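Chemist: Please read through the structure below; I'll follow up with questions.
The values are calculated or read from the model by the stated rules, or taken from the named source; none is laboratory data. A quick note: this is a predicted structure, and the numbers were derived from the prediction, not measured. Ideal geometry is used to build each Cβ from the backbone, glycine not excepted, and the neighbour counts take in all protein chains shown. Just the protein is used for accessible areas: all its heavy atoms, side chains included, with ligands, DNA and RNA removed. Shrake-Rupley method; radii C 1.70, N 1.55, O 1.52, S 1.80 Å.
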Amino acid sequence: MTIRLPLLGPDPEAPFPPAWRALREPNGLLAMGGDLSPTRLLNAYRHGIFPWFSEGEPILWWCPDPRMVFDTAQVRLSSRFRRELRRSPWQVRADTAFDAVIAACAHTPRPGQDGTWITPAMAAAYRELHRLGHAHSVEVFAGERLVGGIYGVAVGRMFFGESMFSAESGGSKVALAGLAQLLAGWGWPLLDAQVRNPHLEFLGARLLPRDDFLQAVRQLAAEPAAAGSWAARVAPFPAAALAGVSTD
């Protein structure tokens, strides 16, 4: 069966197709083509759309239904993990190692996947968004060794998570919990997790109908929030401080 998708033209400011035109199978596939320029990417995120494709494929744009999200005040860590976390010497930082985080996300093996969707072109695009103050990372360090991290894109008061990794058990959980705590403290209520994932559900993510998600994005992404590095905004803090922020 041939799938016919809208083809994006060269203008990075051109509108995306409406979300209702996205395919049911594969869930959320909306359009193809275009580029990964900062203007195009930010335009996509403002409308709840994200790129996801593998090496050798055209750029594919997605808006699935339902959408997996975290309520930033409701990330869940198990009682056992929180007990271990109270004794952890790890430290949480923000925007001090963005390139290392995206490289680790691209190269960390994942169950059921032969490769990665974070192609060199994709990594370069998000590094440019980071340079412009729109993409951010939260990192977990053991001394000066990076043991976990997460990165994504901030638009207004909305954060769109892209990928996370662990170099040691629990590293990505701490990065996620650290990011969520920061966002909740700033009054950012939602963290986009894109597509359903049992591990994320275990950590507290929930499914939100696409229409409800897009309504929230329209409001939150339109609210003013200054772009720029989070490194000066976020003082490093101990991972142990996250032990009390979540409940089973």
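Chemist: In the stretch 59-77, is there at least one residue being assigned to a helix (DSSP H, G or I), without any contact (Cβ under 8 Å) to a residue 40 or more places away in the chain and of a type outside the set (Lys, Arg)?
Modeler: No, because not a single residue in the stretch 59-77 is assigned to a helix (DSSP H, G or I), without any contact (Cβ under 8 Å) to a residue 40 or more places away in the chain and of a type outside the set (Lys, Arg).
Chemist: In addition: Suppose we keep only residues that are out of contact with any Pro (no Cβ under 8 Å at 6 or more places or on another chain) and aliphatic (A, V, I, L, M) within the stretch 184-215. Which one would you say is nearest to residue 19 (Cα to Cα)?
Modeler: Among those residues, the one meeting the criterion is 214.
Chemist: Additional query: Could you run through the stretch 171-192 and say how many residues are open to solvent by 10 Å² or more (accessible area, probe 1.4 Å) and either part of a helix (DSSP H, G or I) or in contact with a strand residue (DSSP E or B) (Cβ under 8 Å, 6 or more places away or on another chain) (or both)?
Modeler: 10
Chemist: Kindly indicate whether any position in the stretch 100-112 is surrounded by 15 or more Cβ atoms within 10 Å (Cβ to Cβ), at pLDDT 95 or above and more than 17 Å from the chain's Cα centre (by Cα).
Modeler: Among the residues of the stretch 100-112, not one is surrounded by 15 or more Cβ atoms within 10 Å (Cβ to Cβ), at pLDDT 95 or above and more than 17 Å from the chain's Cα centre (by Cα), which makes the answer no.
Chemist: Suppose the filter is closer than 23 Å to residue 183 by Cα, among the aliphatic types (A, V, I, L, M), modelled with pLDDT of 95 or more and open to solvent by less than 40 Å² (accessible area, probe 1.4 Å); does residue 85 pass it?
Modeler: For residue 85, the condition - closer than 23 Å to residue 183 by Cα, among the aliphatic types (A, V, I, L, M), modelled with pLDDT of 95 or more and open to solvent by less than 40 Å² (accessible area, probe 1.4 Å) - is met.
Chemist: Of the residues in the stretch 165-178, how many are over 15 Å from residue 100 (Cα atoms) and in contact (Cβ under 8 Å) with a residue 60 or more places away in the chain?
Modeler: Residues in the stretch 165-178 being over 15 Å from residue 100 (Cα atoms) and in contact (Cβ under 8 Å) with a residue 60 or more places away in the chain: 6 in total.
Chemist: Would you check which residues across the stretch 4-31 are touching a residue at least 24 places away in the same chain (Cβ under 8 Å), open to solvent by less than 80 Å² (accessible area, probe 1.4 Å) and part of a loop (DSSP other than H, G, I, E, B) and list them?
Modeler: 5, 6, 9, 12, 16, 22, 27, 28
Chemist: So how many residues does the stretch 145-161 have that are assigned to a strand (DSSP E or B) and open to solvent by 20 Å² or more (accessible area, probe 1.4 Å)? So that I can check it myself, show each step before the final result.
Modeler: If we filter the stretch 145-161 for residues that are assigned to a strand (DSSP E or B), which is where we start, we get 145-155, 158-161.
Adding the requirement that they be open to solvent by 20 Å² or more (accessible area, probe 1.4 Å) leaves 145-146.
Of the residues in that region, 2 qualify.
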